[in-house]
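These notes concern the structure reproduced below.
The values are calculated or read from the model by the stated rules, or taken from the named source; none is laboratory data. All figures in this text were calculated on a predicted structure; none of them were measured in a lab. Glycine gets a Cβ as well: all are built from the backbone with ideal geometry, and neighbour counts include every protein chain shown.
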Amino acid sequence: MSKIIQFRLDFDQDIEFYLNKNHPGFTDYRIHSKALDARGANRGKKPIYNYKVEIIFAGEIFQAWREEFKELGPLEQRPIIIGAGPAGLFCALRLAEYGIPSIVIERGDRAHNRMKHIARHWRYGEFDTENNVCFGEGGAGLFSDGKLITRVKSPYVQYVMNRFVDFGAPPDTAYTSNPHLGSNKIRGLINKITDHLREKGCEILYNSRVDELLFNDDKVEGVLLSDGKKLYSNNVVLATGHSAKEIYYHLKDKSVAMKAKDFAVGVRVEHPRSLIDFIQYGQFSQCDLGAARYKLTYHDKSTDKGTYSFCMCPGGYVLSSGTDADGIVVNGMSNYARNSRWSNSALVVSVQAGKDYPLDDVLAGHEFQKSIEQRAYQASLEKASGKEIPSQTLNDFLEGKVQTELPKTSCPSGIFKYDLRKVLPDFVANGLHDGLVTFDKKMEGFISKDAILMAPETRTSAPVTIMRNRTTFESDSHKGLYPCGEGAGYAGGITSAAVDGVKVAMSIIRREKEI
């Protein structure tokens with residue numbers, strides 16, 4: 001039997017020396033979690049690592065977590081999965097484990113071709129509505145920090161981690177807490193997953209957009225593609241992501257049950273990585289601690305609104321990630337090494353349904369997002385070429401002026417100087433102002449002449465929830481339709497979206513195979 005132990009070491013202490021001293025005779029070990037505690041490092045306190053380690057002794061081996069799958073065979077009508085992001089791909093993967101091939105429909109291209117379209121947008125402003133940072137093989141997760149952090153409590157989390165390892169993720173992804181792949185590594189994994197699905201008999205249709213869901217009364221029958229082709233199935237998984245707005249409007253027209261939900265809007269703040277490292281690590285910032293992270297929150301009691309950091313990307317990049325030709329959106333990503341010269345994070349303010357936008361239209365949240373994105377685009381057309389990102393130094397934003405020249409940035413699309421209060425709603429701008437002042441008290445030096453804000457960050461989550469049964473995961477209004485992942489309002493990242501895809505797959509299997 002292996003043994004699980006927990007202990008703390010100074011960041012520069014050797015783990016094998018510790019294990020040999022305290023657990024003589026062990027033959028191997030693997031780290032389940034390694035968490036840096038650098039609190040007080042900027043005041044000279046030595047950083048430590050909190051470890052959770054599994055050790056084995058002579059004659060023992062590490063146990064791999066694996067499931068056995070019963071071959072159930074194909075369904076009379078193959079399930080249709082709309083979207084090849086983490087939710088859709090893992091739904092297809094789980095079905096394939098049981099010998100059930102599906103049809104996956106992706107409006108964009110394969111990852112390597114998608115990259116070419118995105119590069120042309122960033123460099124020349126040539127926007128492709130079907131191949132961008134949100135649409136295409138891998139979905140929005142292909143351009144993120146590659147964080148596999150999740151608060152979801154599900155046995156399927158382990159399955160997802162194991163499968164990532166099977167397709168090329170570092171082995172410790174299967175057993176460490178909060179693994180990080182980086183955008184560069186996750187792209188290769190997605191390619192391998194889709195190749196595997198085709199080997200298992202799945203059909204993947206690229207550059208194919210679903211324009212209509214086909215219903216017979218309250219039962220799904222299939223889909224109509226943009227080329228006029230109809231595909232039929234009594235199981236349709238809707239894993240389109242939070243930016244496929246056309247689908248939401250189509251669902252509204254078809255009276256599919258949805259409700260408005262809260263989300264958040266704000267900016268990306270970018271600092272030199274060396275500055276964030278120094279603020280967090282102090283005299284230890286030159287040591288091998290990795291790019292520093294932070295998490296900041298502020299709650300305004302007078303407005304009952306929160307301002308907080310989100311999707312922090314240490315050693316990362318800020319990207320133009322819109323999905324409309326007449327709108328600008330920003331997001332952050334970093335590669336596995338997290339070694340760019342900058343660190344960025346979303347700083348967002350909560351947007352409350354029924355308070356900040358009306359409830360008379362279930363898609364009013366989408367219109368709220370769109371209006372902000374269009375203002376940013378119009379500003380870019382006015383001041384630049386339409387591809388550059390509206391930006392302002394952090395100090396200028398706080399002082400209500402637009403004077404200071406912008407520093408160099410990680411953004412491949414380019415930036416231009418602009419008053420971000422002309423882009424953001426007043427309550428968002430005010431929430432950011434007060435939050436930033438508070439954040440500087442928590443992280444002295446956060447307000448810096450070298451920091452800039454880029455806007456807008458509007459796609460933090462879907463502004464609607466597509467209602468579904470808690471047990472069957474079917475739509476509350478239409479049988480055989482399975483809302484799934486971030487776009488349906490049931491996930492908030494790569495891992496949780498993948499887990500949701502697995503849950504939906506298992507529901508289909510239980511329904512069709514009665515297991």
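Quick check on region 25-43: of everything there that is out of contact with any Asp or Glu (no Cβ under 8 Å at 6 or more places or on another chain), in a strand (DSSP E or B) and free of Cβ contacts under 8 Å to residues at least 60 places away in the same chain, which residue is nearest to K442 (Cα to Cα)?
D37
Is one or more of the residues making up region 272-284 crowded, with 23+ Cβ neighbours inside 10 Å and in contact with a Leu (Cβ under 6 Å, 6 or more places away or on another chain)?
No - not one qualifying residue is present in region 272-284.
Which one of these does I508 not meet: (1) surrounded by 24 or more Cβ atoms within 10 Å (Cβ to Cβ); (2) modelled with pLDDT of 95 or more; (3) under 24 Å from the mean Cα position of the chain (by Cα)?
Every listed condition holds for I508 apart from (3).
Just give me the residues in region 76-85 being farther than 17 Å from V157 by Cα and either surrounded by 11 or more Cβ atoms within 10 Å (Cβ to Cβ) or touching a residue at least 12 places away in the same chain (Cβ under 8 Å) (or both), in sequence order.
Once the filter is applied, which keeps residues that are farther than 17 Å from V157 by Cα and either surrounded by 11 or more Cβ atoms within 10 Å (Cβ to Cβ) or touching a residue at least 12 places away in the same chain (Cβ under 8 Å) (or both), region 76-85 yields Q77, R78, P79, I80, I81, I82, G83, A84.
Rundown of residues vs (1) under 19 Å from Q392 (Cβ atoms); (2) touching a Ser or Thr at 6+ places or on another chain (Cβ under 6 Å); (3) of a type in the set (G, A, S), yes/no style:
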| site | (1), (2), (3) |
| --- | --- |
| K305 | no, yes, no |
| Y308 | no, yes, no |
| M312 | no, yes, no |
| A325 | no, no, yes |
| M333 | no, yes, no |
| N339 | no, no, no |
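Quick grid of which residues meet (1) crowded, with 22+ Cβ neighbours inside 10 Å; (2) touching a Gly at 6+ places or on another chain (Cβ under 9 Å); (3) charged (D, E, K, R); (4) assigned to a helix (DSSP H, G or I):
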residue: R470; (1), (2), (3), (4): no, no, yes, no
residue: A491; (1), (2), (3), (4): yes, yes, no, no
residue: T495; (1), (2), (3), (4): yes, no, no, yes
residue: V502; (1), (2), (3), (4): yes, no, no, yes
residue: E512; (1), (2), (3), (4): no, no, yes, yes
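Before we move on, is L213 surrounded by 15 or more Cβ atoms within 10 Å (Cβ to Cβ), touching a residue at least 24 places away in the same chain (Cβ under 8 Å) and out of contact with any Asp or Glu (no Cβ under 9 Å at 6 or more places or on another chain)?
no
Residue-wise test of (1) in contact (Cβ under 8 Å) with a residue 40 or more places away in the chain; (2) within 25 Å of E137 (Cβ to Cβ); (3) out of contact with any Asp or Glu (no Cβ under 7 Å at 6 or more places or on another chain).
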residue: N430; (1), (2), (3): no, no, yes
residue: H433; (1), (2), (3): no, no, yes
residue: M467; (1), (2), (3): yes, no, no
residue: P483; (1), (2), (3): yes, yes, yes
residue: A497; (1), (2), (3): yes, yes, no
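For V237, are the conditions met, namely being modelled with pLDDT of 95 or more, assigned by TED's automatic domain parsing to the domain that holds A498 and either buried (at least 24 other Cβ atoms within 10 Å of the Cβ) or not β-branched (V, I, T) (or both)?
Taking the combined requirement at face value, the residue satisfies it.
Being more than 30 Å from the chain's Cα centre (by Cα) and under 30 Å from I515 (Cβ atoms), is that true of even one residue in region 33-54?
No.
With the requirement that a residue be loosely packed, with under 14 Cβ neighbours inside 10 Å, of a type in the set (S, T, Y) and in contact with a helix residue (DSSP H, G or I) (Cβ under 8 Å, 6 or more places away or on another chain), what does region 25-45 give you?
Listed by number, the list is empty, since nothing qualifies.
Return yes or no: is K252 at pLDDT 95 or above, under 30 Å from E212 (Cα atoms), of a type in the set (K, R) and surrounded by fewer than 16 Cβ atoms within 10 Å (Cβ to Cβ)?
yes
Note down all Cβ pairs under 6 Å where the first residue falls in region 296-310 and is among the β-branched types (V, I, T), the second is buried (at least 20 other Cβ atoms within 10 Å of the Cβ), and they're at least six residues apart or on different chains.
Pairs that qualify, where the first residue is among the β-branched types (V, I, T) and the partner is buried (at least 20 other Cβ atoms within 10 Å of the Cβ), are T297/Y308; T307/Y298; T307/V349; T307/G431; T307/G435.
Please verify whether region 127-146 includes one or more residues that are over 17 Å from the mean Cα position of the chain (by Cα), farther than 15 Å from R198 by Cα, surrounded by 19 or more Cβ atoms within 10 Å (Cβ to Cβ) and at pLDDT below 95.
Checked region 127-146: at least one residue is over 17 Å from the mean Cα position of the chain (by Cα), farther than 15 Å from R198 by Cα, surrounded by 19 or more Cβ atoms within 10 Å (Cβ to Cβ) and at pLDDT below 95.
Which condition breaks for N20 when tested against (1) at pLDDT 95 or above; (2) in a strand (DSSP E or B)?
(2)
Among the residues in region 276-290, are any touching a strand residue (DSSP E or B) at 6+ places or on another chain (Cβ under 8 Å) and assigned to a loop (DSSP other than H, G, I, E, B)?
There is at least one residue in region 276-290 that is touching a strand residue (DSSP E or B) at 6+ places or on another chain (Cβ under 8 Å) and assigned to a loop (DSSP other than H, G, I, E, B).
May I ask you to list pairs of residues, at least six apart or on different chains, whose Cβ atoms are under 6 Å apart, with the first in region 64-75 being farther than 14 Å from R510 by Cβ and surrounded by 11 or more Cβ atoms within 10 Å (Cβ to Cβ) and the second being at pLDDT 90 or above and aliphatic (A, V, I, L, M)?
Correct list of pairs: P74/I100.
Here are some residues: E367, E388, E399. Which one is within 20 Å of R459 (Cβ to Cβ), of a type in the set (D, E, K, R), out of contact with any helix residue (DSSP H, G or I) (no Cβ under 7 Å at 6 or more places or on another chain) and not assigned by TED's automatic domain parsing to the domain that holds M115? Working first, answer last.
Values: E388 fails: out of contact with any helix residue (DSSP H, G or I) (no Cβ under 7 Å at 6 or more places or on another chain); E399 fails: within 20 Å of R459 (Cβ to Cβ).
Result: E367 is the single residue among E367, E388, E399 that is within 20 Å of R459 (Cβ to Cβ), of a type in the set (D, E, K, R), out of contact with any helix residue (DSSP H, G or I) (no Cβ under 7 Å at 6 or more places or on another chain) and not assigned by TED's automatic domain parsing to the domain that holds M115.
Of all the strands (runs of 3 or more DSSP E) wholly in region 309-384, which have at least 1 residues that are of a type in the set (F, W, Y), at pLDDT 95 or above and buried (at least 18 other Cβ atoms within 10 Å of the Cβ)?
In region 309-384, 317-320, 342-351 are the strands (runs of 3 or more DSSP E) which contain 1 or more residues that are of a type in the set (F, W, Y), at pLDDT 95 or above and buried (at least 18 other Cβ atoms within 10 Å of the Cβ).
Going through T409, T393, T460, T404 one at a time, which residue ends up being among the β-branched types (V, I, T), surrounded by fewer than 24 Cβ atoms within 10 Å (Cβ to Cβ) and free of Cβ contacts under 8 Å to residues at least 60 places away in the same chain?
T404
Name the one entry in G73, G83, G40 that is in contact with a Ser or Thr (Cβ under 9 Å, 6 or more places away or on another chain) and at positive phi.
When all the criteria are applied, what remains is G83.
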